[in-house]
Structures are given as structure tokens and as C-alpha cells.
Amino acid sequence: MRKPATCLGLLSGLALFPMSVAVAAESGVNALHYPGPAWSPYGVGAGIGVLSWLTFYFSDKPIGASSFYAQVAGFLGTLIAPRRTKSLAYFRDKPPRVSWGFVFVLAIVVGSALAALTGGEFANEWLPPMWEARFGGRIALRATIGFGGGLLMAVGARLAGGCTSGHGISGTLQLNPGSWITAICLFLGGIAVAVLLFTL
Amino acid sequence: MDAVKNASPPAGHSTSTVDAVPRLMAGVLFGLTFGFLLQKGGVGKFNVLVGQLLLQDFTVAKVMLTAIVVGMAGVFTLHHFGKVNLHLKPTRIGANVIGGLLFGAGFALLGYCPGTVAVALGQGSWDALFGMAGLVAGSWVFAELSGWSKRTVEKWGDFGEVLLPDLLRLPRTAFAIGLAAALITIILLLERFTLR
């Protein structure tokens, strides 16, 4: 039970930052020129809230996504360099396995495909139109930036202990201070880089 | 912290007795639902996600804040009656801040996060594959650094598994109700003042 004020001060101070960049985001590409959600965000949010009751109750697990990629990395590592994989602290603590969370993420892909196909929203495209409007039609550029983004995101998620789902929804709803700090910081980092990329 | 362990496991849900296959089937069922909801919520779309980071499209904030309020109400009620366990990740201020900022930078570069990139793939946004490859590679990079990070970053401001109201010495129920009221106020303001 140390320094509760540190935590509270950090939370409130960080929350003010997005307002200062709101002005900067007024120019450049406009996200609202592209399609939005099919369903009400409040309906979907409430559905996810109820889903989290069910995962806690029936599976004794919070919703989360990022550890799936670590498990894939662990499986690949075990195939390619088994001794190296076993020697790493992360995989010693969390050896890869086909767990609830692993099949959960695989099923997200299928659930999304069902939603897109039934809603006439199947994109079948290599470049998001908004990306193309800003950076042109070269797939190699998108692949490079996207791979780098994914890489940074995984390092950040593993360091922080979770992602937009595990910390941003499941952790915050459990009133976990670390989750609130992570969620606020991930949006601050994201806002800063997105404003640099898309509005300057 | 008693916070994490004071609920007895629900009957038949102890990890030692659970059969693996029904558990995986539950994971598939819940994952299907989560993916379906996220796609309908538009959060597999690059422009919706990047639009949130540009503070132009507030769909992500509306989905997340509603999920937090509804989820919190149910999970704490179930926890109060001993029906569910909480699953708190440790609060480590250094790792949470640095990891969160790195994550956010990567999120802006890719335009999808680890859950929504799976949604993007499902809806035929094939650029998701580049991000997924990066996520796997980055997980390996972190694993290579994990021995070092355990000895350093993860020790900075380590509070362990703790609840925010306990840390602030406030009653849990009152704190949760107050936070829910604050979040609902933000949702109402977003609905009133944002275009999407």
C-alpha cells in the first residue's frame, strides 16, 4: 500500500493531454469520409460488457487478445529453436499451449467473417482506403509499416501485461489501476503518432 | 491483497477438474461472439480505429466505455456474491506507462490492435496479416528481453495485484458507482458533441 497519490496524480494528469492535440487533428485526412459501424456502438459495447460477465462466470477468464500472438511465437520458437525458446524467461513462465485464450482469438476471425458476410461488409482489399488516400497504393509500404507497428505493439503489450482488450476493457472494468494507466498511455501514444502520420 | 482471492471458485470451475475440450468450446463460442460484435461495431475498420486516434471518430471510445460500465456492474455484482474470481494483472507503473506508450505508437502505425486485427482479417482486410506477423515477431522480441525486463522495468513502481479503490482507501461499491456515473457522463457528452 504505497504512494496512492502517485497513482491518482498520474491518472488525472495524463487525462488532460488529449484535449491539447484535439486542435492539431482538425486538418489532413478525415476519417469520417469513410464507412462507420453497422450497429450502434452502445449496443455493441453493452454486448461486450455482458459477454465479459459470461467469460468470468463460465470460463473463469477475462476477455483478452494479445497473449495469442505470444503463444504463436512460442510454438514457432519451439519448432525452430527449441532450446533457445525454453531458455527465455517469458516462455518459462508461460509455456505456449492451445488454451482458452488461443482458440478465443482464432474464433474472433470467424465471428468477424460471419458478421461481415451477413452484413454485406466483406472488404476483400489489401489497403484500407484511408491509408491509400494518405500514403498511396504501394502494398510494400503498408506491409513494412504494418509489420513494424505490430512488432512495437506486441513488445508494448507484453511489457504492460495486456492490450486494448485485456487492459482496456477487462482490466479497467475490474478497477485495476495498472489497466487504467496502460489504457490511458496507449491512447496517448497512439494519438501522438496518429496525428504525426495523418495530419501533418 | 484479498481482492483477488476472496471469492471461492464457482462450482465445477476449478481448473484441476475442468475437462479441456468443453473449456476450448466455450472459448470458441465466446470468441465467435466477440468477433461478431466487434465487426458490427465497426472497430475492425482501419478508418474507425485511426479516426479515434485522430479524435475524429469516437466509435471506439463509445464501445469501450459502454463495455466498461456494463461489464463492471455485472462482474462486481457476481464477485460480491462469490460467483466469480477477479483476474487482476499486476500494477507496475513503469511497465504500464512504457508498455502502453509503445503499444499506442504501434497501434497508430498498424491501425489495428491485437483483437481488432483479427476482426480486420475476418472481414477481408488482408493488410491485417502484416500486423499479425509483426505481433508474433514482437512477442518473440519481448521474450528475448523478458529476463532483463523482469529485473528492471517491471520492478519500477510495482504495486502488485491491487484494486484502485483499495489503493485510494475508498469503499469499493461507492467507488464503482461513482466511476460508472462519471463514465456515463462522458458517454452522454460524446453522444451530444461528436459526429460519430
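The values are calculated or read from the model by the stated rules, or taken from the named source; none is laboratory data. Everything numeric in this text was worked out from a predicted model, so none of it was measured. Cβ coordinates were reconstructed from backbone atoms using ideal geometry, including for glycine residues, and neighbour counts include every protein chain displayed. With ligands, DNA and RNA removed, areas are computed over all heavy atoms of the protein, side chains included. Shrake-Rupley method; radii C 1.70, N 1.55, O 1.52, S 1.80 Å.
Of the residues making up region B:122-136, those that are within 20 Å of the chain's Cα centre (by Cα) and open to solvent by 10 Å² or more (accessible area, probe 1.4 Å) are B:M132, B:V136. When residues in region B:74-89 are screened for being more than 8 Å from chain A (Cβ to nearest Cβ) and either in a loop (DSSP other than H, G, I, E, B) or open to solvent by less than 10 Å² (accessible area, probe 1.4 Å) (or both), 2 of them pass.
Selection of region B:144-196 for residues being open to solvent by 90 Å² or more (accessible area, probe 1.4 Å) and not in a helix (DSSP H, G or I) yields B:W156, B:R169, B:L195. For region B:37-52, a residue qualifies if it is in contact with a Ser or Thr (Cβ under 7 Å, 6 or more places away or on another chain), without any contact (Cβ under 8 Å) to a residue 40 or more places away in the chain and part of a helix (DSSP H, G or I), and the qualifying residues are B:V48, B:Q52. Within region B:114-127, no residue that is more than 7 Å from chain A (Cβ to nearest Cβ) sits with its Cβ atom under 7 Å from a residue that is acidic (D, E) and in a helix (DSSP H, G or I) at 6+ positions apart or across chains. If the condition is being modelled with pLDDT of 95 or more and more than 7 Å from chain B (Cβ to nearest Cβ), then region A:25-60 contributes A:H33, A:S40, A:G43. Checking A:R84, A:R138, A:R134 one by one, the residue that is more than 7 Å from chain B (Cβ to nearest Cβ), within 17 Å of B:A143 (Cβ to Cβ) and surrounded by fewer than 20 Cβ atoms within 10 Å (Cβ to Cβ) is A:R84 and no other.
Could you run through region B:43-68 and say how many residues are under 13 Å from A:I191 (Cβ atoms), more than 15 Å from the chain's Cα centre (by Cα) and open to solvent by 10 Å² or more (accessible area, probe 1.4 Å)? Total meeting the criteria: 4. For region A:87-106, the tally of residues that are part of a helix (DSSP H, G or I), over 22 Å from B:M25 (Cβ atoms) and open to solvent by 80 Å² or more (accessible area, probe 1.4 Å) stands at 2.
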